[in-house]
1. Treat each spin label as a single point 7 Å out from the Cα along the C-beta direction, and report the LEU174 to LEU4 distance in nm.
2. For the residue pair ALA90 and ARG184, what label-to-label distance in nm results when each label sits 7 Å from Cα along the Cα-to-beta-carbon direction?
3. Please report, as a whole percent, how much of the solvent-accessible surface of the stretch 265-407 comes from carbon and sulfur atoms (probe radius 1.4 Å).
4. Please list, ordered by chain and number, the residues whose modelled amide H lies under 5 Å from the amide H of VAL106; skip anything fewer than 5 residues away on the same chain.
5. Distance in nm between label sites at TYR47 and VAL82, each 7 Å beyond Cα in the beta-carbon direction?
6. Specify which residue in the list PHE330, GLN345, GLN372 is farthest towards the positive end of the charge dipole of the stretch 327-372, using unit charges on the beta carbon of Lys, Arg (+1) and Asp, Glu (-1), about the Cα centre.
7. In the structure displayed, which of LYS256/LYS355; LYS368/LYS399; LYS122/LYS385; LYS355/LYS409 lie more than 30 Å apart, Cα to Cα?
8. Quick check for me: using +1 on Lys/Arg Cβ and -1 on Asp/Glu Cβ, what's the dipole size of the stretch 1-139 about its Cα centre, in debye to the nearest 20?
Amino acid sequence: MRALAQFGHRVITVLWRLLFALTFFFAATSVNLIIGDNHTFGTSTTYVTTFFILGLVLFLLALRTYPRARRWAYSVFVEHQVRTASLLFALVVIGQIVFVSFVHPVSGFDSGMLNYAAVSVKHVQEPNIVAYYSLNQNNLPIMLLMRKIVVLTGQTSWQFFDFLTLALVDLSALINLRTVVILRRRSLGTALYLQAGWLAVFPSILMPYTDAWSIPFVALSLLGAAVISQRRFSLSHRSLGAALVGVSGAITYFIKPSAIIPLIAMIIVLLLTWLEQAQHWTRAGVTLTLCLGLTIGVSGASVYTVTNHAIKNQDYIAIDYSRNIPAIHFAAMGIYGQGGYAPRQAEAMAMLPTKAQKTAYSKEKLLKRLRQLGPWGYLRFLYQKQRNNTADGTFGWLKEGTFFRENQKPSQKGFANQLKNFIFLYGEHIADFRFLAQVWWVLLLGLIALSWGKQRGFREILRLALLGGFIFLLLFEGGRSRYLIQYLPCFLILATLDAPVTLRNLKAFVRHYRGAPAEPVSETVPIASVASVAPVAPVAASNTTAAQVPTTSIADHSLPLASTPAPATEKTAEITAAATPETPHSNAANVDAIPAKAAPIDPTAAAPSSKLERSNAHLLQSLNLVDQRTADHLHRPPEQQE
């Protein structure tokens, strides 16, 4: 069983490294990062991008040049990061509210169809609306939910649903923060920075559609999984977490079926862990696993049964359930063009009367395309499709047909139009928005991509969730990064957890590039650790040399010693006092007063050939320094020793 589990972990790791490396590369080379004229979109960045870059450069130069500025920045953004990031988060939320208050355009495509059908009974009687929901029955649950909200609140405006979308998106951010607190409380400041940055460049709050509405339920699933993964919680708390996973997973399935991939990833990783760890095979371990699994299953099945019954027996709109589009249609669309929406195939789905005919048509299109591409052609297609699926940091903004129904070229008059110029197709600052959103996206992906190394536990759940999302979008309809919105909680939490590892890796890379010694594993050696080593032979304080101190006792032990020579400290003196027996002529009481000054290094000496030898050399040099200064002190006249 352990071999099977380890094989599963290796498969996940290999596929993850391959697809995420491509994702990071595609994002870092996106056309959104072009400064100046962008011939791909026919746009150009303005003074907004220029001021952003200049401000960033000046800030970095100030940190590099002025110690006072560096101390201030460290105090504000690092030592008090939770307070600072919380303030930034609050300012972003206020900005969102102002933004939606002034900008709330009516959308076309699918989100417009949801709103149009939900606000009026007369609308759902129109033949084109009935035909749309007969074909796209996956959008029926969220439309009925929106209709329920209309009945309860009496609100039908697009602005109302924009504010509701804003609330759901921000709620997901708060849930993400709670998940981070459970997993690693000290990373809360990093999480706040990342969440604030995301919300600042996420205009999809103007799109009341399944993408944004599924985010909080995905976040709730991850929160429940985090509670389950922590052994410090009681059985009752972990059972509540399991129930939360089941309920949120069932709701997610009805809003956006592909968003349950994180739930599937959690089950797979927990299964692999269960197979790998022997304690799960005990009676208590099996009982706990069955209890949590049963809670997830019962809670999820209950919500699914009740919701499915309500949908099947709804009488708000009369649809033809036999006209539902089969799943293979989305696989057939996903292999043509850019891997996204194919109008001709969609028209065929509307024309063919039965589900069997639709299935046969889509299967034929799929096999025909596979034969046309061949093995290598299909791999090249997947390579390009992964770029289309993940590179765009705006998440496919403005890439749907009839994105907004109003004029896409706003004027320069009024505050609302000034805001629209950042998000409308022909707005003056649309290139600035694309640039800023892409910078944030590259930063987020970079925190994940550069955290190389073996990772298990909750990070592996998040990695497998994203890996599953990548594979799903490669096999089915994709072609634009809008479909990544549903997986944003996974990106954000994983980047938060990986940030410390990435920072450590970057520091190690910079030291290696500069030829500097490796960072010490530990600045000092615990006294108990040294005391547990075989004692060092007594030596005379007046004539001690490094060659006279035995090294075999230290070399036989693995201690967290520093890997490079470091200045002697008070802790080093305590180590010497504990490791070297006191002689009648020693003056150990004055060791604590020794100045922290490192002994000179002989440039002609051969460099240690291993990390252990470097550690031994460091300790020997510290002992030599202490004993030499003690000897100098003892050879002074008595009046100078005082």
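1. Label-label distance for LEU174 and LEU4, simple model: 4.4 nm.
2. Going by the 7 Å Cα→Cβ label model, 2.7 nm.
3. Details: 5180 of 8140 Å².
Its accessible area is 64 percent carbon and sulfur atoms.
4. ARG405, GLU406
5. That separation, rounded to one decimal, is 4.1 nm.
6. GLN372
7. Details: LYS256/LYS355 21 Å; LYS368/LYS399 27 Å; LYS122/LYS385 41 Å; LYS355/LYS409 42 Å.
Table pairs above 30 Å Cα-Cα are LYS122/LYS385; LYS355/LYS409.
8. Working: 9 positive and 4 negative charges, 170 e Å.
I would put it at about 820 debye.
The values are calculated or read from the model by the stated rules, or taken from the named source; none is laboratory data. Note that the coordinates shown come from a computational prediction; the quantities given were computed from them, not determined experimentally. Here the Cβ is made from the backbone with ideal geometry for all residues, glycine too, and neighbour counts use every protein chain on show. Protein only, heavy atoms only, side chains kept; ligands, DNA and RNA dropped before computing areas. Shrake-Rupley method; radii C 1.70, N 1.55, O 1.52, S 1.80 Å.
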